[in-house]
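To start, the structure itself, in structure tokens.
The values are calculated or read from the model by the stated rules, or taken from the named source; none is laboratory data. All values reported here derive from a predicted model rather than from experimental measurement. Don't worry about glycine lacking a Cβ; one is built from the backbone with ideal geometry, like all the others, and counts go over all protein chains shown. Quick note on the areas: whole protein, heavy atoms, side chains included, nothing else; ligands and nucleic acids left out. Shrake-Rupley method; radii C 1.70, N 1.55, O 1.52, S 1.80 Å.
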Amino acid sequence: MKLPLYAGLVFGLVPVQATLLRHVSVAGVGPDLCLVAACLVGFLGGEIEGLLVGLALGFVQDLFSAGNVWLNVMTKGAIGLLAGLVGRHVTNATPTIFLRTLVGLSGLSGLIFLVLVRSEAGWAGYLAATYSILLPETVFNAAVGAGAYWLIAGRMRREQGSQGGLAGFVR
């Protein structure tokens, strides 16, 4: 069941992000669905699944973009891995923990892109890009990720509750 879902994510999110989200963006800034998906898969599925899905999403994103090659592969893979580590080592994975993880990883990814892509901008350019691109994108990612986590976690709780017994408590 997971393989078709992950394949759909890998091959479906990039075209949706490139076409439909241009109309949803505010001032040219929108959410990074691949980042949110890598974080969700890592947090809920574990570090290996997060790493592999993140690498695949980053690879497809790099194929369709004219940016730096391998930058999306490395950042999305690292985000999936780190979110998986957080999800595994947190005793009680709540929406607040997920949201903090997503905001931190989104901000870190944005900073990496900012420094590597806009290396000639200088401090004034970094500061302007932080307020005009990095912070709004992080807020968008957090909003989309919170909604997706709410939907997925609610479905997981319903499925676990219907199993009854100890199977309802085991993830």
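Every residue in segment 118-138 that is within 17 Å of the chain's Cα centre (by Cα) and either modelled with pLDDT under 85 or crowded, with 17+ Cβ neighbours inside 10 Å (or both), please.
Initially, segment 118-138 is screened for residues within 17 Å of the chain's Cα centre (by Cα), giving 133-138.
Answer for segment 118-138, where residues must be within 17 Å of the chain's Cα centre (by Cα) and either modelled with pLDDT under 85 or crowded, with 17+ Cβ neighbours inside 10 Å (or both): Ile133, Leu134, Pro136, Glu137, Thr138.
Any idea which of Val115, Val103, Val144 is among the β-branched types (Val, Ile, Thr) and either modelled with pLDDT under 90 or over 20 Å from the mean Cα position of the chain (by Cα) (or both)? Spell out how you get there, then give the answer.
On the way: Val103 fails: either modelled with pLDDT under 90 or over 20 Å from the mean Cα position of the chain (by Cα) (or both); Val144 fails: either modelled with pLDDT under 90 or over 20 Å from the mean Cα position of the chain (by Cα) (or both).
Result of the check over Val115, Val103, Val144: Val115.
I'd like the residue in segment 96-111 that is over 24 Å from Ala128 (Cα atoms) and polar (S, T, N, Q) and, out of all such residues, is least open to solvent (accessible area, probe 1.4 Å).
In this case the residue turns out to be Thr101.
To keep it simple, each residue is scored yes or no on (1) open to solvent by less than 30 Å² (accessible area, probe 1.4 Å); (2) over 14 Å from the mean Cα position of the chain (by Cα); (3) modelled with pLDDT under 90.
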residue: Pro4; (1), (2), (3): no, yes, no
residue: Ala27; (1), (2), (3): no, yes, yes
residue: Phe43; (1), (2), (3): yes, no, no
residue: Glu49; (1), (2), (3): no, no, no
residue: Val60; (1), (2), (3): yes, yes, no
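When the residues of segment 79-95 are filtered to those that are surrounded by 15 or more Cβ atoms within 10 Å (Cβ to Cβ) and not small (Gly, Ala, Ser), which remaining residue is nearest to Leu52 (Cα to Cα)? Give the steps one after another, and end with the answer.
Keep residues of segment 79-95 that are surrounded by 15 or more Cβ atoms within 10 Å (Cβ to Cβ), which gives 79-87, 93.
Among the residues that remain, those that are also not small (Gly, Ala, Ser) are: 79, 81-82, 85-86.
On the way: Ile79: 11, Leu81: 8, Leu82: 12, Leu85: 14, Val86: 16 Å.
Per the stated criteria, the residue is Leu81.
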